[in-house]
1. Can you work out which of the residues in the range 95-126 that are touching a residue at least 24 places away in the same chain (Cβ under 8 Å) and polar (S, T, N, Q) is surrounded by the fewest Cβ atoms within 10 Å (Cβ to Cβ)?
2. If you scan the range 43-69, which residues turn out to be over 25 Å from I310 (Cα atoms), among the polar types (S, T, N, Q) and under 23 Å from the mean Cα position of the chain (by Cα)?
3. Restricting the range 244-294 to residues that are of a type outside the set (S, T, Y), more than 22 Å from A86 (Cα to Cα) and touching a helix residue (DSSP H, G or I) at 6+ places or on another chain (Cβ under 6 Å), which is modelled with the highest pLDDT?
4. Restricting to the range 268-291, and then to whatever is over 24 Å from A16 (Cβ atoms) and assigned to a strand (DSSP E or B), can you tell me which residue is most open to solvent (accessible area, probe 1.4 Å)?
5. In the range 303-326, what count of residues is obtained for those that are modelled with pLDDT of 90 or more and either within 26 Å of E84 (Cβ to Cβ) or under 16 Å from the mean Cα position of the chain (by Cα) (or both)?
6. Here is a check on your reading of the model: is S71 out of contact with any Cys (no Cβ under 7 Å at 6 or more places or on another chain) and farther than 22 Å from I317 by Cα?
7. With F70, F51 as the choices, which residue is part of a helix (DSSP H, G or I) and either of a type in the set (A, V, I, L, M, F, W, C) or surrounded by fewer than 15 Cβ atoms within 10 Å (Cβ to Cβ) (or both)?
8. In this structure, is G179 at positive phi, open to solvent by less than 60 Å² (accessible area, probe 1.4 Å) and either in contact (Cβ under 8 Å) with a residue 40 or more places away in the chain or over 25 Å from the mean Cα position of the chain (by Cα) (or both)?
Amino acid sequence: MNNVNILVTCASGALAPALINHIRKHSKFTTTIIGTSNEDVSKNAYVLDKFIQVPLGSDPTYTDYMMNIFSKESVDFVIVGSDEEALALSKVKLQAKNELDCTILVSEHEVIELLGDKAAVYEKLKSDNIEVPPFKVVNNNAELLNALESFGYPQKTVVGKLSQGRGGRGFSLFVGEEGAPEWCGNGQRESRYESLSFESLKELIKVDSKTMIMPAMGTPCYDVDVLAHNGRLINCVIRERINPSGIPFKGSRFIDNTDIEKYCESICRSLKLNALHDIDLMTMEDGSMGLLEVNPRPSGALSASLKAGIPFIDNAIELFMFEREPEITSKNLVSEVIPVLDLIAY
């Protein structure tokens, strides 16, 4: 069987050992695994064949640094762990393939740029007749107050998030009379405004960048691991979050839901996803699925799906490195609820 030199970025992350160990134990390929991180010493070096310190993905020298590593270490396949690295490495995806025969598991640069703007993603999906949650884009305080009122505040709870903010960063919760949703976190990332009048909000808030305003969605919440090839869905695993806010991470359980799978299939097709991505979903007021965001890289908890028997990494290597169709033996490889914490514990 082919030997594959794999490079995993963000190798110092809490869940990185689970991902790396599962690749070693369950891949049909013989693997050598190199890890990179901006930390000078990785606490996860014990699971790696080699560890290399690198700049942050946002550093202007990052891509040159990584290209040198790809060349020197004869890297065959790269698994990207952060949004910033996905954006940076998407710029050199073709160069790495053509010059070094190195496959970077990331969608094309224009796709990654689009995913960095949540409002633009919603507009693209709407243009393709794919349902998204109701939202408004605001750029100043007057537009914010109008949007809040249009979504029923102060009776209803409304959320705001920077259109180009990463994950839960830049997230605001405008708590109405109905109270905060049960999934809401403990304030580690969001700014919370409890039942304030419009006059009070005028004094407290200053909107100076593109922000999305939308009704607060509810539970259940889902992480969907998708492997897509030129917009075509190859693998899809749906994980319902045990702790919807995600902080602290308490795991999730696998479910089988044809409607969610079809929804994510339409998202992959519309956005032309061409890699392994994590799609976050919540539940809208009418009970239908609502897109939260499409992440430009795989989920940090991908190891759960790997350990459950879904060969995302092997299939990605087949598709993008060897350019051949992977063998898909079953569309639903998980038929029971499996606690993710049990899967990733070591």
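1. It comes out as Q95.
2. Passing the criteria: S58, T63.
3. At the first step, the residues of the range 244-294 found to be of a type outside the set (S, T, Y) are 244, 246-251, 253-257, 259-262, 264-265, 267-269, 271-282, 284-287, 289-294.
So of that shortlist, the ones also more than 22 Å from A86 (Cα to Cα) come out as 244, 247-251, 253-257, 259-262, 282, 284-287, 289-290.
Next, only the ones that are touching a helix residue (DSSP H, G or I) at 6+ places or on another chain (Cβ under 6 Å) stay: 251, 289.
Details: G251: 69, M289: 90.
Here the answer is M289.
4. Here the answer is M289.
5. The total comes to 8.
6. The answer is no for S71.
7. Working: F51 fails: part of a helix (DSSP H, G or I).
After ruling out the rest, the residue left standing is F70.
8. Details: at positive phi: yes; open to solvent by less than 60 Å² (accessible area, probe 1.4 Å): yes; either in contact (Cβ under 8 Å) with a residue 40 or more places away in the chain or over 25 Å from the mean Cα position of the chain (by Cα) (or both): yes.
Against the criterion (at positive phi, open to solvent by less than 60 Å² (accessible area, probe 1.4 Å) and either in contact (Cβ under 8 Å) with a residue 40 or more places away in the chain or over 25 Å from the mean Cα position of the chain (by Cα) (or both)), G179 qualifies.
The values are calculated or read from the model by the stated rules, or taken from the named source; none is laboratory data. Predicted model, so just to flag it, every value in this text is computed and none were measured. As a convention, Cβ positions derive from the backbone with ideal geometry for all residues, glycine included, and neighbour counts pool all protein chains shown. Only protein heavy atoms, including side chains, enter the accessible area calculation; ligands, DNA and RNA are left aside. Shrake-Rupley method; radii C 1.70, N 1.55, O 1.52, S 1.80 Å.
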